[in-house]
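Novice: Please read through the structure below; I'll follow up with questions.
Coordinate-derived values only; no laboratory data. Note that the coordinates shown come from a computational prediction; the quantities given were computed from them, not determined experimentally. Every residue, glycine among them, receives a Cβ derived from its backbone with ideal geometry; neighbour counts consider all protein chains shown.
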Ligand code: 3BY
Ligand code: FES
């Protein structure tokens, strides 16, 4: 007898809510609060698109690994003996046991704790006890997950057929990353936060500086003009805009002198791998995310030849953003844990020869973004409470929330494409 599997019905009206989305307004509450949308987000967004998972700096030696939890998926990202980065489902090919429990570590081989099937770090099954003569080990390698390093930033894609535009995006972005030497960088510090909000609220909050008054530490170095055009700048920010204009001209000169590209890229909602890249000056001394804009690490990144090279920022859909400075880089990855809980990992990278306590101090290096993350976490938690309240009604975006809207447009278009398959 053949069992006929039915297509799942849309019992919760997800399709209607996606189709009814009003452009220019925040999303209806269920997008942020319901288990059904959480499950859809994992299936349609996180399991289908390229997501930022880790940095190569977290895997300096063969056998070094991190595990990445994405909804029901667990993925092992590991450096193999040829020093390539590989990714595998964290599932034994025998009877399915989870292989690795730790978020990071180092292994010679991957040994299943249950019946000790043993895999190489290239995923090949090397040993399994008590098998019949007909057993073919080559048929039971770990299931691979697509993985790509873009200048030292490691992305994975759980789909069988990943979005094909990633190669083009990777090539365009890598060109900017090369001088920062991220493939050789070292991790100076890493902080994990569990935020009390839906992952989209975390991303939306990152995509605007409308709220940047809430970030006093960040504002000592960061010009709060993200998303503004000259016409949007309110009177209170005019002096800031004047400083910015002068610093931007200096940065352009520094780029031209070094043959560094000066153009920005903004393709946030026009492609499967939505992304944006912009290079902006910093305030004060203009060097780093420090209280006065001064350097935080005396050893510069990669092949940097000036300590004053602004902030090369990259924002990617669905789950990451990056700030590359002359003296360090800070990277952020967002992973959904539940409808109202989200994992935010922040990693600070420095030159591999930078010495802690000599060239940099971890507390000082991380102060601005630790404070900013805490402040953002509070804003996200407040918003989660608000969107869960029956009194919530979607509200309109301001003129300086264009990247929030681009994120939501991208998200809705990806859900719509997934649901119409
Ligand atoms: O980290 C960022 O890129 C964003 C931009 C504006 C607010 N936040 C600082
Ligand atoms: Fe892994 Fe049996 S489930 S060896």
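Novice: What would the Debye formula give as log10 I(q)/I(0) at q = 0.10, 0.12 Å⁻¹ for the alpha-carbon point model of the chain, no solvent?
Specialist: Log10 of I(q)/I(0), two decimals: -0.73, -1.03.
Novice: Right, next: Based solely on its DSSP helices, what 222 nm [θ] is calculated for the chain when runs of n ≥ 4 H residues each add -39,500 (n - 2.57) and the sum is averaged over all residues, nearest 500 deg cm²/dmol?
Specialist: For the chain, the value works out to -8000 deg cm²/dmol.
Novice: If packing is taken as the average count of other Cβ atoms within 10 Å, what order do 239-246, 211-218, 155-162 fall into, highest mean first?
Specialist: 155-162, 211-218, 239-246
Novice: Take the alpha carbon gyration tensor of region 141-227, find the square roots of its eigenvalues, order them as a ≥ b ≥ c, and report rounded if a/c is under 1.5; if not, report prolate when a/b exceeds b/c, else oblate.
Specialist: Prolate shape, in that a/c is at least 1.5 and a/b is the bigger ratio.
Novice: What would the Debye equation give as log₁₀ I(q)/I(0) for region 26-165 at q = 0.17, 0.18 Å⁻¹, counting only Cα atoms as equal point scatterers?
Specialist: Values, matching the q order: -0.94, -1.02.
Novice: Provide, as a two-decimal number, the C-alpha radius of gyration of region 331-421 over 2.2 N^0.38 Å, N being how many residues it has.
Specialist: Relative to the 2.2 N^0.38 Å estimate, region 331-421 comes out at 1.50.
Novice: Also: Using only Cα atoms, tell me the angle between helix 402-419 and the longest principal axis of the chain; keep it within 0 to 90° and round to the nearest 10.
Specialist: Rounded to the nearest ten degrees, it is 20.
Novice: If you wrap a convex hull around the C-alpha atoms of region 168-408 and split its volume per residue, what is the figure in Å³?
Specialist: Convex hull of Cα atoms, per residue: 127 Å³.
Novice: Can you give the relative contact order of region 33-163 as a percent, counting alpha carbon pairs under 8 Å and 6+ residues apart?
Specialist: Relative contact order here is 27 percent.
Novice: Now, a different point. Quote the relative contact order of region 205-297 in percent (integer), defining contacts as alpha-carbon pairs under 8 Å separated by 6+ residues.
Specialist: Rounded, it is 31 percent for region 205-297.
Novice: Can you list the equivalent-ellipsoid semi-axes of region 61-144, largest first and in whole Å, using the square root of 5 times each Cα gyration tensor eigenvalue?
Specialist: The answer is 21, 15, 11 Å, longest axis first.
Novice: While we're here: Express in whole angstrom the spacing between the alpha-carbon centres of region 17-38 and region 362-421.
Specialist: Computed from Cα coordinates, the inter-centre distance equals 13 Å.
Novice: Going by average Cβ density within 10 Å per residue, which order do the peptides 123-132, 365-374 take, highest to lowest?
Specialist: Highest to lowest by the protection proxy: 365-374, 123-132.
Novice: Sticking with this one: Quick check: the distance between the Cα centres of region 260-287 and region 132-202, to the nearest angstrom?
Specialist: 21 Å
Novice: Grab every C-alpha pair in region 249-355, bin the distances at 5 angstrom width from 0 up to the longest one, and report whole percents.
Specialist: 2, 12, 18, 20, 19, 14, 9, 4, 1, 0
Novice: Given Cα pairs under 8 Å that are at least 6 residues apart, what percent is the relative contact order of the chain?
Specialist: Value for the chain: 21 percent.
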